[in-house]
Amino acid sequence: MSRRKGIIFTILITLVLLLPISLASASSAKVTYESDQALIRDAKVYAEYENVSLTEALERLRLMDVIGDLHFDLLIEEAETFGGGWIEHNPQFNFIVQFTRDGSDTTSRYLKKYPELASLIEIRDANISYQELREIQIKLMDDLESIGILAESEPDIKTGKVKLYVLNQDVVKDIVEKGELTLSKYVEIIVIPRMTELYTDVIGGHEVSYDTEIATTGFGALDGNNEVITTAGHFAYHTGLSDAEYDGSIDLDFVYTPFYSGTGADIAWYDPIGYDVTNRIQDSSSTTRGMLWIESYGSITPGDYIYKYGVDTGSSVGQVATVGYYQDGYSDYVRVNSISGNPLADHGDSGAPCYRGYTAIGSLVGAPYVTNPDPDDYLFYSVDKLSDEYGINVLTE
């Protein structure tokens, strides 16, 4: 082989090896070398947990985004029959989809749009659509709230049931017997030791604080023309809607939280008067990354890998367990399960950014007690909803 041909061959091999990273860069002019390095850090964590190569991990993370797009389409366009879907990582990487009828015909139509998912999809039968399950859940929680029963719930798409979490099962049975509440056959009652614990009281690294209360800043955002920084709504509520401090030195003026009464979405935002807010987040003790996109709520899929960084526990990674966890008057939280079996978050992590790659996904809320005896999972609020619900837009540049 001539020296020139040898050089060309070497260049081609190098390009092939770098292809997964280069594709990520080519997908947007905004993606920088730093963004690719952030994705590689995520992929290394995934590769370690799932025992796959770095190349395979990068490809799976990319496919999770494609699966999210398909999941969103099915939720919107096939609501009558779609029973929900989830990602499985072992023993092989699959996307499970469920339908109450015509699953094969429905799926085949969408594979024309998403042909790269053809080998990954497994079709199963569902007894009830996800939309119906959510309607049952919302009505149930509204009824319980009107009666004054403290409860939380989530739709379990794998069993086709609404899991109703209560402190005392006898209380629920009593009001059912009295005719004050009708329970659907799709509801399963589960007793838990306590309701969701909200994180606010442990000192960490980068922080938002007031007196002894500690939380974590989330994402930079725009409130009209004003730059704001998000954190947990219950932090603002528990501190009396007072102004706070960022890293103990920068004043944060409180702007708003829907968590005023303890029954709204658990999110708040503050204005760091005189300081710039950017699209960057801390993702380890020594590195940061910029957010370039926002994950739509409908694209969040059970099985998705979710990364978070909080001032107390630092970096952790988990998998989406449920979309639509109902807690304290708000019905659209997302529950993330621990993969390692260790707690994903603790006090002080409230408000922490939840993300994957350079996509902003959620703001950490707290730990639901559905994994007894010690909670190792957490809930987050989808920041995609900030725009529609409150006119707040997370910064992506």
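The values are calculated or read from the model by the stated rules, or taken from the named source; none is laboratory data. Computed from a prediction, not measured in an experiment: that's the story for all the values here. Don't worry about glycine lacking a Cβ; one is built from the backbone with ideal geometry, like all the others, and counts go over all protein chains shown.
Tabulated data
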quantity	calculated
Options S285, S316, S299: the member that is assigned by TED's automatic domain parsing to the domain that holds G248, without any contact (Cβ under 8 Å) to a residue 60 or more places away in the chain and among the polar types (S, T, N, Q)	S316
Scan of the range 137-174 for residues that are aliphatic (A, V, I, L, M), out of contact with any helix residue (DSSP H, G or I) (no Cβ under 8 Å at 6 or more places or on another chain), outside any loop (DSSP other than H, G, I, E, B) and more than 28 Å from A126 (Cβ to Cβ), ordered by number	V171
Search result, residues across the range 175-184 that are in contact with a helix residue (DSSP H, G or I) (Cβ under 9 Å, 6 or more places away or on another chain) and either aliphatic (A, V, I, L, M) or surrounded by 12 or more Cβ atoms within 10 Å (Cβ to Cβ) (or both)	I175, E180, L181, L183, S184
From V31, V66, residue being modelled with pLDDT of 95 or more and either surrounded by fewer than 17 Cβ atoms within 10 Å (Cβ to Cβ) or not in a helix (DSSP H, G or I) (or both)	V66
Complete set of residues in the range 336-345 that are more than 21 Å from R60 (Cα to Cα) and either crowded, with 22+ Cβ neighbours inside 10 Å or in contact with a Gly (Cβ under 9 Å, 6 or more places away or on another chain) (or both)	L344, A345
Out of E116, E145, sole residue that is in contact (Cβ under 8 Å) with a residue 60 or more places away in the chain and acidic (D, E)	E145
Boolean, I306 is in a strand (DSSP E or B), at pLDDT 95 or above and either surrounded by fewer than 19 Cβ atoms within 10 Å (Cβ to Cβ) or of a type outside the set (G, A, S) (or both)	yes
Tally, over the range 207-222, of residues that are over 16 Å from Y275 (Cα atoms) and not in a loop (DSSP other than H, G, I, E, B)	5
Count - residues of the range 235-270 that are surrounded by fewer than 14 Cβ atoms within 10 Å (Cβ to Cβ) and under 20 Å from L150 (Cα atoms)	4
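Rundown of residues vs (1) outside the structural domain of L395 (by TED's automatic domain parsing); (2) part of a loop (DSSP other than H, G, I, E, B); (3) crowded, with 24+ Cβ neighbours inside 10 Å; (4) acidic (D, E), yes/no style:
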residue: D332; (1), (2), (3), (4): no, no, no, yes
residue: H347; (1), (2), (3), (4): no, yes, no, no
residue: Y355; (1), (2), (3), (4): no, no, yes, no
residue: L364; (1), (2), (3), (4): no, no, yes, no
residue: P375; (1), (2), (3), (4): no, yes, no, no
residue: Y381; (1), (2), (3), (4): no, no, yes, no
